1. Sort 63-72, 30-39, 86-95 by the packing proxy (mean of other Cβ within 10 Å over each peptide's residues), most packed first.
2. For q values of 0.10, 0.11, 0.22, 0.23 Å⁻¹, compute log₁₀ I(q)/I(0) with the Debye formula on a Cα-only model of the range 101-222, without solvent.
3. If you average the sequence gap of Cα pairs under 8 Å that are 6 or more apart and divide by the length of the chain, what percent do you get for the contact order?
4. If I model a spin label at residue 204 and residue 41 as a point 7 Å from the Cα along the Cα→Cβ vector, what separation in nanometres do I get?
5. Give me the base-10 log of I(q)/I(0) for the range 47-108 at each q in 0.12, 0.18 Å⁻¹, Debye formula, one uniform scatterer per Cα, rounded to two decimals.
6. Just subtract the alpha-carbon distance of residue 212 and residue 14 from 0.36 nm times their residue separation and send over the number in nm, one decimal.
7. For every other residue with a beta carbon closer than 10 angstrom to the beta carbon of residue 205, add +1 if it is Lys or Arg and -1 if Asp or Glu, then tell me the sum.
8. Any idea what angle helix 81-91 forms with the longest principal axis of the chain, computed on alpha-carbon atoms, 0 to 90 degrees, nearest 10?
Amino acid sequence: MSFIALIPARKGSTRLKNKNFKLLKGKPLIYYSVKAAIKCKYILETHIFSDSKKINDYAVKLGAINKVRRPKNISLTKTTMHETVNYFVKKLKLKKSKFKYLVLLQPTSPQRTHSDLNKACKQITRNRKADALVSSFEIKDIYLNKIMFFDGKYLSLNMNKTLKNNNKCYYRNGPSILITKIKNINKTNIYENGKITNFIMKKSKSIDINTLGDFKKLIKSF
C-alpha cells in the first residue's frame, strides 16, 4: 500500500503568531513533523504545502517535496482543512496516482514520531475495510450521572444514560495522525464519511499546539 504525506503549514496564525517556527529544543515546530514523515518506512513522499517561501524552503532542506504552490485563496483564516486537502489532491491528480492513502500531518502535533506513524500505517493496512484512521486518547473516569447536554439554551441532565457503562470514550487529539483513502477525499469529506479505525495514543503525547498556553505546556512535557 502506498502512502503520501501532506504537511499543511499556513503562514498566518491568529492565536499563536509564527507558530510553525516556534523553537522547541532548538528546532522549529515544523521540523518534527517533516522528520517524522521522512523517517516513516511506509511514506514514499512527504509534501510541504505552505503559502510561505520560508517554510517551504526550510522543509525542502529537510527532505520534503514542494511541488504545489499554495495560493492565497487556500491560505485564508476561513479556509477549511477540507478545501486545503482537496486542492492538494486535485493539483497532484492523486486519485489517478499510485498512492492509496494520504497521511495528513499538522505541524501542531510535534510529539508524534516516525514510530507512531509506522504503527498507524501498519494498522490501517491490516484493516482493509477501514476508510480512515484517526488518532485519539482515551478519556477515563466518566460518570454518566455527571454528563449534561446543552441545546443552545438550557442544560439537561443525562437521565437516560445514553452512554452505556461499558462504553469507552476517546478524544481526537488534533488529530495528531490522520490517514485516509485518497479516493474518498472531496470538498466536504476527508475522513468523516466512512469506517474510521482508532489509533490510540497516550494523553501525554497528545498536546495540540494552537495557543501560547499549549506551547508552554508542550515545553514542560517534551
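Values in this text are rule-based calculations from the coordinates and carry no lab data. Here the structure is a predicted model, which means the values were calculated and not measured. FYI the Cβ positions are ideal-geometry reconstructions off the backbone, even for glycines, and counts take in every protein chain you see.
1. Working: 63-72: 15.0, 30-39: 22.0, 86-95: 17.1.
Going by the mean number of other Cβ atoms within 10 Å, highest first, we get 30-39, 86-95, 63-72.
2. The calculated log intensity ratios at q = 0.10, 0.11, 0.22, 0.23 Å⁻¹ are -0.41, -0.49, -1.18, -1.21.
3. On the way: 392 pairs, mean separation 54.4, N = 222.
Relative contact order here is 25 percent.
4. My value for the distance between the label points is 2.6 nm.
5. -0.30, -0.69
6. Values: separation 198, 0.36 × 198 = 71.28 nm, distance 1.12 nm.
Full-extension gain reported as 70.2 nm.
7. Details: positive: 112, 202, 203; negative: 116.
Residues close to residue 205 contribute a combined charge of +2.
8. 30 degrees
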